[in-house]
Every structure is written in structure tokens, then in C-alpha cells.
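Heads up, the thing below is written out as C-alpha cells.
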Amino acid sequence: MNRINLPRAMVFICILACIAIVLYAWQDHREGRKAAEIAARKEAEAEQQQKIENAAEAQQKAEAEKEAAVKAEQDAAAAHAQFMAQYEDTNFTRTASMELIATACATENGTMNEAISAALASRFKTENVEVTSSFFKPTLITEGLFGDVFNGSGDIVRKLELAKFIDGLLLAKQDVRYSTNTDLNNIVTADMHVQIETLPVSGAVEAKSWMLAAKGTGFNTADARMQAEERIIKQIGDDPAMSLGQSGGNN
């Protein structure tokens, strides 16, 4: 009995061992596959999270760049507005349906001559044309931009955006030289020249030019200069050829 049962028992044990091995292998495979699925899912989730973070980072960067661009544009606009306000009255109120011409006169010393500017404004003003001597600020002359405007520099005209505010320019450059006559009690003579130019900006103003000259005498340069300037101002008021309606100028 025992001899018969021993082999059977061994077979049975072997079968059980095989079953156990198969079950173990199947369980191990199942757990390995499950672990692989979990790892793949985690990797996919990590990739998705990384994509989300990258997208958020890209969006933040884009928004920051946009904000920087907007700020740079605003800063540039503010700087440009400050630049224009430094040299001209951008809040100047003009009369509707009238051409507006801005006038200014620069002295040989690089300052604004308000007397001649006012005389030019008065001389060229008509029913249809308004001429102002207050549009340009003295800094246009004292800081050296007047020469470019006087010479018709398109670059400075664009930078100052003159076309937005005026139709034309009426500009003058003053020059004076002094001499002393020792034979006549050191009398000083001021030989003054004023070059006047009209320049179109956005209106139908015709480009013209005039050259005025006058002499003045006095016991000092101030008196001689004042007399010469008074004679220049009188010429501006009396010269019939100085008109925007004339087809030519005196050079």
C-alpha cells in the first residue's frame, strides 16, 4: 500500500509544484504588466503635466513679452510726446477753416527774437491765414533744432509731427555785425541782415524767401542793434512784396 501511494504522492506533489510555479509565473507576469501599465500611465501623466507646465510657461512668457512690448511702445510714445512738447505747443488751438502758419526768428546768438517773430506774424496774417509766433518754444532755437527746420529737413519735420498741427512755416534768421568808427567818437554801426523763408508743411503755402538789411548806429552795440532792428521791423510792415499771395520773393 505504501509502495503504491509513494509514487502517486510524488506525482501529486510534482503536479502541485508545477501548478504553483505556473500560478507564480502568471502572477508575476500579471504584476509586471500591471506595474508596466502603472509606470506607463505615470509617464504619460508626467508628460501631460510637463506639456501643461510648458504651455503655461510659454503663455506667461508670451504675456510678459506682450506687456514688455506694450510698455516699450508706451514709453516710446511718452518720450516722443515729451520730445515734441519740449519744442512746440502741441495744445495750440487753431481756428477752423483757416490755414495756420508758425513763425519764429533766431538771432545770431542762438536765441529767439520775439519782436521780429511778432512783426512777421502781424505782417503775414490775413482773413484766411492765421500766423502765430507762440507755437514754437525758445528751446527749438536754443537747443539747435531751428537750423534743421529752417533748412527744410524732412526728418525733423516728421519727428515734430508738424503736419498734424500747422500748414506752413514762416522762419527768419538774424545776423548782425558791428563796426566802430574811431573818427566819430567811437560810434558803433550795426549791420543787420534777416533772411526770411516760407516753407510748406501740410497746406498750400508756397516756398518763398526774402532778405532784409538795415543799419543802425549808437554809442554802444545795444543801441546800434536796436536801431537796426527797428528798421528791419519797419521794412517787414511796409514791404508790399512780402506776401503769401505773391508768386516770388526777394533773395
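Values in this text are rule-based calculations from the coordinates and carry no lab data. These numbers come from a predicted model, not from an experiment. Counting neighbours? That spans all protein chains shown, and the Cβs are built from the backbone with ideal geometry, glycine included.
Quick notes on this one:
- Maximal additional length on extending the residue 193-residue 175 stretch stands at 6.0 nm, based on 0.36 nm per residue less the C-alpha distance.
- Rg ratio for region 11-87: its Cα radius of gyration over 2.2 N^0.38 Å, N being its residue count, equals 2.83.
- Between 29, 82, 69, the Cα set farthest toward the positive side of the dipole of region 1-87 (charges on each charged residue's Cβ, about the Cα centre) is that of 29.
- Distance cut-off 23 Å, percentage of C-alpha pairs in the chain lying past it: 68
- Label point 7 Å beyond Cα of residue 164 along Cβ direction - residues of region 139-158 with amide nitrogen under 13 Å: 158
- Long-range lysine pairs (8 or more apart or interchain), the chain, Cα under 25 Å: 26
- Membrane-span-like helices in the chain, defined here as complete DSSP H runs extending at least 27 Å along the helix axis by their C-alpha atoms with mean Kyte-Doolittle hydropathy no lower than -1.0, are 2-87; this is a sequence and geometry rule, not a statement about a membrane.
- Highest mean first, the peptides 57-67, 138-148 sorted by other C-beta atoms within 10 Å per residue fall in the order 138-148, 57-67.
- Scoring 87-94, 209-216 by mean Cβ neighbours within 10 Å over their residues and listing the highest first yields 209-216, 87-94.
- Extension gain, residue 142 to residue 186: 0.36 nm times the residue separation minus the Cα-Cα distance gives 12.6 nm.
- Taking label points 7 Å from Cα along the Cα-to-Cβ direction, residue 94 and residue 72 give a separation of 3.4 nm.
- J(HN,Hα) series, region 195-205, from Karplus relation 6.51 cos²θ - 1.76 cosθ + 1.60, nearest Hz, glycine and proline x: 9, 10, 10, 10, 10, x, 10, 10, x, 9, 5
- Region 139-197, Rg to Rh (Cα coordinates; Rh as Kirkwood inverse mean 1/r): 1.24
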